[in-house]
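Let me begin by presenting the structure, written as structure tokens, before commenting on it.
Bear in mind that the values in this text are calculations on the coordinates, not laboratory data. Predicted model only: the values in this text are computed from it and were never measured. Quick reminder, even Gly has a Cβ in these numbers, built from the backbone with ideal geometry, and neighbours come from all protein chains shown.
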Amino acid sequence: MLRTPVPADAAPLTAAVGAAYEHLRHWMVWASPHYSQEDAIQWIEGKIGGRTETGDVPLLIVDTDDQLLGAIGLHAIDRLNDRATLGYWLRPEATGAGVATKATRLLADYALSNRAIHRVEITMSVENEPSRRVAERAGATYEGVAVEYLKHGDRFHDAHRFYFLANQSRH
Ligand SMILES: CC(C)(COP(=O)(O)OP(=O)(O)OC[C@H]1O[C@@H](n2cnc3c(N)ncnc32)[C@H](O)[C@@H]1OP(=O)(O)O)[C@@H](O)C(=O)NCCC(=O)NCCS
């Protein structure tokens, strides 16, 4: 399930990010060994990575017992062009079961179904194979490689770019 995070999620989220740091650090620019409850609160309030723009949509991925499996969200929401970027991460223990693929389908369907967003993009470093497979399995359309599109640490990575469109069959 996907659900909106609340302030009480800050502590488990901080613990999960801390425990998953080695798994996240190459791909999530905000991941840090010093990730704090304040960082978690900022994300919960829709300020992914501590950025100041508003309107980001943060969601937790939880199991049926409300245990945290990971997170997913929409960011870089461009209201001029009705476009948003979808990102995700899982705790290492939650990988290998299709959770990210299912969560991606759910959020893309939700974002596009009310027509507020026309295009949902997913981009990942060309070196991030697990993430590329999530976009493919979720049914996103492959668009090509965007050169030096993502900054990870002190290096710019070429990125695979995928998209979902409103009115496009996704199943
Ligand atoms: C990217 C990331 C979320 C992918 O996790 P994942 O577990 O591989 O992805 P899914 O949850 O969709 O699971 C897919 C795997 O489960 C398997 N699987 C099992 N049951 C499945 C089902 N019902 N449906 C789909 N896949 C299933 C698939 O075969 C696949 O395994 P494989 O890659 O060995 O073939 C994870 O590696 C991660 O958190 N990485 C760090 C953060 C990151 O890179 N985020 C993306 C930044 S762009």
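Largest GNM mean-square fluctuation among Leu13, Leu106, Leu60, using the chain with Cα springs under 10 Å: Leu106. Towards the positive end of the charge dipole of the chain, with charges on Cβ (+1 Lys, Arg; -1 Asp, Glu), say which of Ala146, Pro33, Ala16 has the farthest Cα. Of the options given, the answer is Ala146.
Taking a ≥ b ≥ c as the square roots of the eigenvalues of the alpha-carbon gyration tensor, region 56-147 is classed oblate because a/c is 1.5 or more while a/b is no larger than b/c.
Under the classification rounded if a/c is under 1.5, otherwise prolate if a/b is larger than b/c and oblate if not, where does region 78-131 fall, given a ≥ b ≥ c as square roots of the Cα gyration tensor eigenvalues? In terms of gyration-tensor shape, oblate. Dipole size of region 26-108 about its Cα centre, with +1 on Lys/Arg Cβ and -1 on Asp/Glu Cβ: approximately 300 debye, rounded to the nearest 20. Shown here for region 92-171: trypsin sites (Lys or Arg not before Pro) in loop regions (DSSP other than H, G, I, E, B) with at most 10 other Cβ atoms within 10 Å, namely Arg115. Placing a label point 7 Å from the Cα of Thr141 along the Cα-to-Cβ direction, the residues of region 57-87 whose backbone N falls under 20 Å of that point are 78, 81-87. Based on the alpha-carbon gyration tensor of the chain and its eigenvalue square roots a ≥ b ≥ c, which shape applies: rounded if a/c is under 1.5, prolate if not and a/b is larger than b/c, or oblate? Rounded shape, in that the Cα axes give a/c under 1.5. With contacts taken as Cα pairs under 8 Å at a separation of at least 6 residues, region 2-165 carries a relative contact order of 17 percent.
When both region 106-171 and region 14-41 are represented by their alpha-carbon centers, they are found 22 Å apart. Ignoring the sites themselves, the chain has its longest run without GluC sites (Glu not before Pro) in a DSSP loop having at most 16 other Cβ atoms within 10 Å at 54-126.
Averaging 1/r across all pairs of distinct Cα atoms in region 1-96 and inverting the result yields a Kirkwood radius of 13.6 Å.
Taking trypsin sites (Lys or Arg not before Pro) across region 1-100, the ones in a DSSP loop with at most 11 further Cβ atoms lying within 10 angstrom of their Cβ are Arg79.
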